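Note sheet for the following structure.
A short reminder: the numbers here are calculations on the coordinates, not readings from a lab. Not measured: the values here are computed from a predicted model. Heads up, the Cβs are rebuilt from the backbone with ideal geometry, glycines too, and the neighbour counts pull from every protein chain shown.
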Amino acid sequence: MPHDRLGAFNDAVLAIVMTIIVLEFEVPDPLTTEMLFGMWREVFAYALSFFWLGAMWINQHNFWHLIDRVSTPTILCDLVMLFFSSFFPLTTHMVADNFWNPLAQVTYGVVILLVTAANVVLYARLRADNGQVEGLPHGILGSTRNMAADIGLKLVGLVLSATVFPPAMVCAVLVTLCCIVIPQQLRG
């Protein structure tokens with residue numbers, strides 16, 4: 001399969017997933033300022049999921065043009081990543097409606113970690129398909145150290161969410177996004 005066709009498919013699926021998240025919002029009835037400001041959890045969960053998926057899309061966008069070959073195993077890895085990504089509308093809605101619920105936060109975290117793991121495997125498959133490609137990072141965050149920090153913080157958030165502080169998962173995702181992922185993207 002041409003790599004640009006798979007890239008276009010990813011773009012379409014991620015755009016749909018990101019759009020469905022916002023469609024899960026319910027307009028307050030009656031619409032008052034207090035009710036609107038009361039939607040902070042929904043807006044926070046939506047923004048976090050949107051920008052996390054957006055950062056993933058940027059990472060993918062930055063490498064699709066660098067590769068020449070895409071094998072069937074790579075396509076399957078990509079489908080697995082998109083499958084796990086398709087759970088974002090559900091888990092984002094769960095977190096928005098049950099912000100202090102450990103199960104909602106842990107479920108959100110498991111989806112985040114499954115998408116992260118699927119991306120790690122996808123990058124490994126792309127390297128196997130294309131060899132040493134100039135500019136293709138060794139991991140989804142450019143370095144093994146960044147990847148270990150990203151996954152480590154998410155795992156800590158998952159454990160804390162399950163045990164003592166439910167919102168620790170969304171906090172961990174926010175910290176990794178703002179302190180690891182976006183700065184790595186800005187460095188080029």
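Dipole of segment 3-187, Cα-centred, from +1 at each Lys and Arg C-beta and -1 at each Asp and Glu C-beta, to the nearest 20 debye? Provide the component values of the computation, followed by the final result.
Values: 8 positive and 13 negative charges, 134 e Å.
So the magnitude is around 640 debye.
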Candidate cut points under chymotrypsin sites (Phe, Trp or Tyr not before Pro) in segment 5-38, DSSP loop plus at most 15 other Cβ atoms within 10 Å of their own Cβ, are 25
Among 151, 21, 58, which one shows the biggest mean-square fluctuation in a GNM of the chain, springs joining Cα atoms closer than 10 Å? 58
Given springs between every Cα pair under 10 Å in a Gaussian network model of the chain, which of 102, 28, 167 has the largest fluctuation? 28
J(HN,Hα) series, segment 125-130, from Karplus relation 6.51 cos²θ - 1.76 cosθ + 1.60, nearest Hz, glycine and proline x: 5, 5, 5, 5, 6, 10
Kindly list the residues of segment 153-188 that lie in the label zone of residue 144, defined by a backbone N under 18 Å from the point 7 Å along the Cα-to-C-beta vector. 153
Of 64, 52, 40, the one that fluctuates the most in a GNM where the chain has Cα springs shorter than 10 Å: 40
Once you place label points 7 Å from the Cα toward the Cβ at residue 16 and residue 71, how far apart are they in nm? 2.8
P(r) over all Cα-Cα pairs of the chain, 10 Å bins from 0 to the longest distance, whole percent per bin, short to long, reads 9, 35, 34, 16, 5, 1
FRET efficiency for residue 128 and residue 155 from the Cβ-Cβ distance with R0 = 25 Å, rounded to 0.05, comes out at 0.45
The ³J(HN,Hα) series, computed from each phi in segment 31-47 with the Karplus coefficients 6.51, -1.76 and 1.60 at θ = phi - 60°, rounded to the nearest Hz and given as x for glycine or proline, is 7, 10, 4, 5, 5, 5, 5, x, 8, 4, 5, 5, 5, 4, 4, 4, 4
Could you work out the helix-only [θ] at 222 nm for the chain, with each DSSP H run of four or more residues adding -39,500 (n - 2.57) and the total divided by the number of residues, to the nearest 500 deg cm²/dmol? -24500 deg cm²/dmol
Rounded to the nearest 10, the angle in degrees between the Cα long axis of helix 72-85 and the longest principal axis of the Cα atoms of the chain comes to 10
